[in-house]
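What follows is one structure encoded as structure tokens, with my remarks underneath.
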Amino acid sequence: MWERTLQDLVRGLRANKKDEAKFIAKAVDEIRQEIKSDDMQLKAGAVLKLTYLDMLGYDMSWASFHVVEVMSAPKIHLKSIGYLAAAQSFEQDTDVLMLTTNLLKKDLTSTPADIAVSLDGLSHIVTPELARDLSPELVAMLNHSRAHIRKRAILALYKALVKYPDAIHHARARLEEKLEDPDPSVIAATVNVLCELARKNPQDYLSLAPQLFHLLTSSSNNWMLIKIVKLFGSLSPHEPRLVRKLQQPITDLISTTPAISLLYECVHTCIIGGMLHGPSGNSLAQTCVSKLAAFIEDADQNLKYIALLAMAKIVPSHPHLVADYQDTFSRASTTKMSAFVYARWS
């Protein structure tokens with residue numbers, strides 16, 4: 001029997017645009033036969049074709065058990081197809097997910113390649129039950145000898161914490177240790193996860209301020225600095241001492257960074273973090289307003305829009321500073337947002 005490959009399927013779809021439904025019906029009939037085969041290579045090929053068809057809107061839920069079979073394949077290139085299909089097609093209520101717990105436990109203690117594939121797949125298919133059962137393995141992976149595994153484990157752990165928040169009790173200490181990991185990408189992943197976790201309960205993460213402050217003043221990774229600044233924006237309203245501590249390094253970043261995204265995030269954090277209040281905040285407020293005024297004159301409409309939004313938030317505390325840039329507003333395009341800002345400080 002001749003088996004149609006994924007490439008053949010794609011070519012066939014292109015050649016049968018006028019009778020696509022008939023072509024796909026025939027292809028699915030072939031796949032139903034192939035997927036029952038004891039030949040794992042043939043079964044994986046069938047699952048791969050189904051995954052492609054699923055991306056086009058054709059249901060493959062009937063093949064969920066066969067997807068799990070391919071996930072358990074001993075060869076990594078076949079196993080990867082199974083995890084890809086699961087990530088693409090499984091829903092939270094897919095019944096065969098209960099069969100994957102032991103498979104995932106096995107893969108998470110296997111070769112680095114198997115671990116990487118299973119971590120990536122788990123982050124897409126994790127359920128509250130899987131998160132509960134597999135969180136010990138995920139926490140253990142945070143100390144893996146390979147940095148790319150630690151990084152994947154951190155991100156997969158976050159997905160597990162979203163589904164099963166109670167896991168934070170035995171995961172937090174190990175997670176916080178990763179802020180001092182020797183690999184910068186692992187630190188960046190940790191900061192990203194902590195930033196998301198702190199959005200819900202910022203007061204629970206105030207103890208991390210010293211470590212985060214060290215990263216803020218020593219890192220040159222703009223992406224990570226954005227996350228750290230956002231994190232401090234969540235923390236500072238709950239700890240007044242942080243406001244005074246952060247004013248100088250934030251001012252330095254605003255004054256020196258050429259990265260517009262980081263610059264805006266610093267300005268936004270100053271506003272929501274209460275750093276513009278009091279005598280020490282006046283000079284910082286002036287710096288923020290001058291930077292926002294430059295944004296407003298930029299040709300990029302999106303940049304202009306977010307600058308106007310930020311400027312409107314500064315008006316209640318520093319109306320005189322915003323008023324100094326009335327000519328800038330006049331030169332800007334007349335928009336509802338511009339009118340809104342005018343109304344706030346006029």
Report, by residue number, each residue of the stretch 40-80 that is surrounded by fewer than 21 Cβ atoms within 10 Å (Cβ to Cβ) and either of a type in the set (Gly, Ala, Ser) or under 17 Å from Ala25 (Cβ atoms) (or both).
-> Tyr52, Leu53, Asp54, Leu56, Gly57, Tyr58, Asp59, Ser61, Trp62, Ser64, Ser72, Ala73
When residues of the stretch 245-282 are filtered for being modelled with pLDDT of 90 or more, of a type outside the set (A, V, I, L, M) and part of a helix (DSSP H, G or I), how many remain?
-> 15
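Here's the yes/no breakdown for (1) surrounded by fewer than 15 Cβ atoms within 10 Å (Cβ to Cβ); (2) in contact with an Asp or Glu (Cβ under 7 Å, 6 or more places away or on another chain); (3) of a type outside the set (A, V, I, L, M); (4) under 25 Å from Asp95 (Cα atoms):
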| position | (1), (2), (3), (4) |
| --- | --- |
| Asp107 | no, yes, yes, yes |
| Lys151 | no, no, yes, no |
| Leu157 | no, no, no, yes |
| Ala160 | no, no, no, yes |
| Pro165 | yes, no, yes, yes |
| Ala171 | no, no, no, no |
| Tyr205 | no, no, yes, no |
Here are some conditions: (1) among the hydrophobic types (A, V, I, L, M, F, W, C); (2) in contact with a helix residue (DSSP H, G or I) (Cβ under 7 Å, 6 or more places away or on another chain); (3) modelled with pLDDT under 90. Ala299 meets all but one. Which one does it not meet?
-> (2)
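Going through the stretch 3-30 one residue at a time, which ones are acidic (Asp, Glu) and over 24 Å from Gln41 (Cβ atoms)?
Asp19, Glu20
For the stretch 306-324, give me each residue that is closer than 16 Å to Ile271 by Cβ and in a helix (DSSP H, G or I).
Ile306, Ala307, Leu308, Leu309, Ala310, Met311, Ala312, Lys313, Ile314, Pro319, Leu321, Val322, listed by residue number.
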2 or more residues assigned by TED's automatic domain parsing to the domain that holds Ala131 and at pLDDT below 95: qualifying helices (runs of 4 or more DSSP H) within the stretch 1-119 = none
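Test of understanding: among Ser234, Ser290, Ser283, Ser255, which residue is under 20 Å from Ala188 (Cβ atoms) and of a type in the set (S, T, N, Q)?
On the way: Ser290 fails: under 20 Å from Ala188 (Cβ atoms); Ser283 fails: under 20 Å from Ala188 (Cβ atoms); Ser255 fails: under 20 Å from Ala188 (Cβ atoms).
Being under 20 Å from Ala188 (Cβ atoms) and of a type in the set (S, T, N, Q) holds for just one of Ser234, Ser290, Ser283, Ser255, which is Ser234.
In the stretch 31-56, which residues are more than 17 Å from Ala87 (Cβ to Cβ) and out of contact with any Lys or Arg (no Cβ under 6 Å at 6 or more places or on another chain)? So that I can check it myself, show each step before the final result.
To start, the set of residues in the stretch 31-56 that are more than 17 Å from Ala87 (Cβ to Cβ) comprises 31-43, 45-46.
Correct list: Arg32, Gln33, Glu34, Lys36, Asp38, Asp39, Met40, Gln41, Leu42, Lys43, Gly45, Ala46.
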Condition broken by Lys230, with the remaining ones in (1) under 19 Å from Val139 (Cα atoms); (2) assigned by TED's automatic domain parsing to the domain that holds Leu242 satisfied = (1)
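The values are calculated or read from the model by the stated rules, or taken from the named source; none is laboratory data. Please read all numbers here as calculations on a predicted model, not as lab measurements. Cβ coordinates were reconstructed from backbone atoms using ideal geometry, including for glycine residues, and neighbour counts include every protein chain displayed.
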